[in-house]
Structure formats: C-alpha cells, structure tokens
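The values are calculated or read from the model by the stated rules, or taken from the named source; none is laboratory data. Bear in mind that the values here come from a model prediction, so they are computed numbers and not experimental data. Neighbour counts are summed over all protein chains in view; Cβ atoms, including those assigned to glycine, are modelled from backbone coordinates with ideal geometry. Please note that ligands, DNA and RNA were not included when accessible areas were found on the heavy atoms of the full protein model with its side chains. Shrake-Rupley method; radii C 1.70, N 1.55, O 1.52, S 1.80 Å.
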Amino acid sequence: MKRHSGQQKGPAAGTGQTLSVRQATLWLIMYELSSAFLLLPGILTKAARQDAWMSVLAALGLYLLLVPVYAAAFRRQGGQTFVGRAVHLFGGWGGKLFSAVFLLAFPYLIFVFTLRDLSEFIATSVFPETPALAIAGGMLIAVIYAVRSGLPAIGRTAEVLFFLVLFLFGLGYLSLFPTARPANLLPILEFGPLPVFKGAMVLFAFPYMETTIFLFLAPYLRERRKWPSILIRCSLASGGMFFLMTLLSVAVLGERVVANLVYPSYFVVETISYPDLYERFEVIVAVLWYITLFFRMALLLFITAEGLAEVFKLSDGKALVLPLSLFGLVLSLRIWPNTTALISGLLAWSLYAVLFGILVPVLLLLAGRLRGKSGNG
C-alpha cells in the first residue's frame, strides 16, 4: 500500500508554477508591509493620537478573528482557481462577470493606487526633479519582467530579499530606541476607546482586508492545508512591524508631529545620527519600501492577468501583462491629485475594502453551502 505524504498539491504543480509555504509566507508579509509601511503611522496617529499603537493591536485582533472565514473559503475552493470556483457556483456568465468585476475593482485598482503611491513618494521625498512617469515606468519594467518569469522566480526572489528587508528594518527602527521618550505615549486612552477603534478600522481595511485577493493563489500553493498558518504568520509578522514603527514614531516625534506628516516612517529615521558610523538612513528605508512595493505590485499584476485570461479563455495570462501595465500607468497619473487626497480617501476605502474583503468570501461560502444543499436535495 502506498503511503500518502499528507501534502495537498494544486493543479498548477504539473506546470511548475507553484509556491512553497515559505515562499508564499515571505512574499505575503512584504505585500502587507509595502504601501502601508510609509502611510499608516501618520493616518493612525491622526485618528487615535498617542494611542495609535493600540489601534495596531486592535486591528490585528479583528483580523485574526476573520482568519477562519478566509481559511474556510480557501478550503472550499480546493485546487480550483478563483474564477473556476465562481463559475462553479454562479454559472458560466455569472461566475465570469463576478470574477471580472472583482479583478478590476479590487486587485487591479489597488495595483493602480500602488503605482501612483510609488511615483508620488519618490518624486516628492527622494528624487524631486525626476518625472513621475519615469519613476513608475522604471518599477513597471522590473514588475513585468518578474511576472513573465513566473511564480517560482518571484518566490525565490522573496526568499532572498525578505531577510534584507528585515535587516534594514531592524537596523533603522531599533536605532531609534535611544531617542524615544515614553512620555510621548501618555496618557493612555485620553480620548477613550473610540479613536483607537477608528484607527484600527483603517489598518483593518488597508492592508488586511486584501486577504481575499490571496484566494487566487490556491492552485499554486504546494501545501494548501497550511494556508491558515500562513495567514496567521503573515499578519503577526507585518503587525509586529507596524506596531514597532508606529510606537517608535510617536515616542520619538510626538503625536502632533506624526499626525501632520505624510510619510512619518520615512521622516523619523532622518533623526538617526551616529557620526562616523551611519547617517542619512532614510535613503535605506526608501530602498526597503521600494523592495516591498515590488512584491505587492507583482502579486497584484499576476493575479489580475491570470484571472482575466481565464475569464476570457486566453491560453496564457502573460499576454495581458504588458497592456494591463501600460493602462495602469496611464490611470495612475490621473487617479488622484496628490497624496493628501489619497490619505483623505483611505477613510472611505475602509468601507470599500470591507465589501470585497469580507462580503466576497462570505458570499462564496454561502453560495457553496446553498449549492451543496440543493445538490443533496
């Protein structure tokens, strides 16, 4: 009798387009960090003042409560693609329409937002005389090459670069401890729990509600049974880093300064100065952010291209990578006037993200259950 290894492999295993648990975990951690890395401390502090660090813990707790929902949706999907599952539940036209709307209104829209976020930050904080088009185009070249190279190539790159990101993060933010002032974190809950909850909802939506997008990785994961542990590890790792940088940003600069900065995570490391050892560490933090943003955009572009290719019955999603990238580049230059408008829009984004981040997996689960009952009937 043959003994089973216990590993559940998706149909993509035969094509070589697979990810190990380690690769998926490291990739998704960097995905969750990316855009939120620079923006969140300021947004959370504006909502919760000196209690912003508590918003991180509250958001993380809310997300962990939802992990069983995402795990159940992933388990029900089995080795099917997201589009295949939708077609199975809602029929041919219904499933394809549902998938196309989801892909364009969520992962692709986030891809466009991220591209604009990149060009806005680099053009205002790092290379102010460089055109936004050149900055975004440079990143797109790398992302297009990576996506066309396939998931295994991106997974192996994540294994290498994650530890560089971790090293740079630790070096930068641990260096802030000598200048941190605990008094800046007091008094605790001065304005009650409501501001903490408001801040938590922003982090809950951005980036944790984007977990629904990860359902597209179901056919490519070698050990699907470990999916819940992957989500938990990713959220604890990224949440721990959000907690540390928010806590230190407020402790070093004070809540009033942090709340009025667009990129406090970048600004706070400008205060690091160890003569004859290292200075100007903010440039290194920009590199760290650039790396994590690359993995975020690569995942979003891959998912959108592969999903739409299945919707329109194309043989290979790679044919859509270039047109989607170019159209996204054009949209990114017009999507909002400035970063201030983006930050203001994040409050509305919380409601928008809940629509796709909670209602979509719940809808898939309910549809699967109803279909199962009708089948039994």
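Structural remarks
- Between Y352 and Q17, the distance separating the two model label sites (each 7 Å from Cα on the Cα→Cβ line) works out to 2.8 nm.
- Relative to the current alpha-carbon distance between S125 and I284, full extension at 0.36 nm per residue lengthens the span by 56.0 nm.
- Projecting the Cα positions of F113, T157, L185 onto the charge dipole of the chain (unit charges on Cβ atoms of Lys, Arg, Asp and Glu, taken about the Cα centre) puts T157 furthest along the positive direction.
- Across the accessible surface of segment 167-220, with the other protein chains kept in place and a 1.4 Å probe, carbon and sulfur atoms take up 77 percent.
- Computed [θ] at 222 nm, deg cm²/dmol, the chain (DSSP H ≥ 4; -39,500 (n - 2.57); rounded to nearest 500): -23500 deg cm²/dmol
- With the simple model of a label 7 Å out from the Cα in the direction of the Cβ, L62 to L359 spans 1.7 nm.
- Inter-probe distance in nm under a simple model that places probes 7 Å from Cα toward Cβ, at D316 and A72: 4.0
- Listed options for log10 I(q)/I(0) by the Debye sum over Cα atoms at q = 0.08, 0.13 Å⁻¹ are [x] -0.56, -1.02; [y] -0.48, -1.43; [z] -0.41, -1.07. The value calculated from this structure is the one marked [z].
- Which listed pairs, of K46/K226; K46/K96; K226/K318, have C-alpha distances above 30 Å, in listed order: K46/K226; K46/K96
- Per residue, the accessible area of the chain comes to 43 Å², computed with a 1.4 Å probe over protein heavy atoms only.
- Probe 1.4 Å - accessible area at D316, Å² to nearest ten: 70
- About its Cα centre, the chain has a charge dipole of approximately 1840 debye under the convention of +1 per Lys or Arg Cβ and -1 per Asp or Glu Cβ, with nothing else charged.
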